[in-house]
Every structure is written in structure tokens, then in C-alpha cells.
Amino acid sequence: MMAKTLLCGLVTLLPAALGFVMPTASSSAFARGSGVAHVSATTAPSAVSRPTMAMERSYIMIKPDGVQRGLVGKIITRFEERGYKLAGLKLKQADEALLKKHYKDLVDKPFFPKLLAYMISGPVVCMAWEGKDVVAMGRKMLGETNPLASAPGTIRGDFCLEVWRNICHGSDSVENADKEIALWFGEAEVVDHESAMQDWIYE
């Protein structure tokens, strides 16, 4: 009798000691026919949880000086660590015709020839980033047009000193972002995809 009692006690205690969860009469912890306990996880977000806000896209371009100085990886890391999703990426040598379309509001300015020479001096990295308020937040992350007016912690505030070597461009509105992405990317070059990190970034 004592041996039977001891055996019953071991059957009760051993699973708990090994970290197994025993099912209760009121739960459906065991998968039918599998004998495996399924524990409700509170550490992972729901698989059906998705952000309800509209996702913006912004065109961010690393200019020739940023490419030549080897800052591409650091700039991409800033956006990824903030939680934004990369939807398009390529290295491109811009030509005069493309830059005149991109900077169409500046073509008649006296400084445009200098800007043009700067932008065709080497390849640029074209990026389409996606996420909540990415246009406004992207510009904050880049900093002021004049790097010396940019706060430490911004990309320009950390990595450059002069307006003519300010390493990056960011769309100034959602409307312009759409136009710039369409200008610099082909339709098949911007990819709609779901990031595995999305549920950890948005409620």
C-alpha cells in the first residue's frame, strides 16, 4: 500500500519537476491524440494582430559622399533599428535627366549646377522605407539640411559637417515620397512583404 502511494506521488510530482504542464479537466491542453500539452503563451503577440494605421512609404537616398564614406550600412541600421521596413533598395548612378526630374523645383536656382555635379559624382543608394509616420520621422532621423544645425544623434548631426556633403535625402511629404519612389524605382523593384518583426513593433 505504501509503495502504491509513493508511486502515485511520483507520478504527480515528476512531470512538474521536469517542467511539464499537466492538463486539467477544464482545459483543452492536450492536442487530440498527440499526448502533447499546449500551454497558452503570454510572451508572443497574437498571430492575427496587425497594425490598423495606414503604412506610409518614404524615399530615402544616400548621396555619393555617403556611399564613398562607407556609411550605407550605418544609415540602413538606423532605420531598421527604429522599426521601419525596407521595401526597396538599389545602387544607381544618377544622370542629369533623372536629377532634373528629381530636383525640378531647383533647376532654375543659381546653385543647381553645383548640386548636379555633386549628385553625379558617384553612385547613390536608393531606398524605399515603410512604416508609421515614416516620412516625418525619416526627416527627423536625417536631421537638418545644414549638418551643423543638426542635433547629435541624427544622421547628419553624427556623420557630416557641410551642406554640400550632407550624405542623404529624405522625402518631405507622403505625396512627394510616392512620386520619388516611382521616379527612382521600377514597379517590380518595390516589394510588398510582411516583416516577421511587425507584431513586435506595432500593437
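The values are calculated or read from the model by the stated rules, or taken from the named source; none is laboratory data. All values reported here derive from a predicted model rather than from experimental measurement. Because the Cβ atoms are built from the backbone with ideal geometry, glycine has one as well, and the counts that use them run over all protein chains shown.
Here is how the numbers come out for the structure above:
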{"quantity": "Boolean, VAL107 is farther than 19 Å from GLU189 by Cα, assigned to a loop (DSSP other than H, G, I, E, B) and of a type in the set (A, V, I, L, M, F, W, C)", "calculated": "yes"}
{"quantity": "Meets criteria (surrounded by 15 or more Cβ atoms within 10 Å (Cβ to Cβ), in contact with a helix residue (DSSP H, G or I) (Cβ under 6 Å, 6 or more places away or on another chain), free of Cβ contacts under 8 Å to residues at least 12 places away in the same chain and more than 16 Å from GLY66 (Cα to Cα)) for SER171", "calculated": "no"}
{"quantity": "Total residues in the range 151-168, condition of a type in the set (S, T, N, Q) and either within 18 Å of the chain's Cα centre (by Cα) or surrounded by fewer than 20 Cβ atoms within 10 Å (Cβ to Cβ) (or both)", "calculated": "1"}
{"quantity": "Check on ILE76, at pLDDT 95 or above, surrounded by 13 or more Cβ atoms within 10 Å (Cβ to Cβ) and out of contact with any Phe, Trp or Tyr (no Cβ under 8 Å at 6 or more places or on another chain)", "calculated": "yes"}
{"quantity": "Whichever residue in the range 95-149 is more than 22 Å from the chain's Cα centre (by Cα) and of a type in the set (Gly, Ala, Ser) and, among such residues, is surrounded by the fewest Cβ atoms within 10 Å (Cβ to Cβ)", "calculated": "ALA97"}
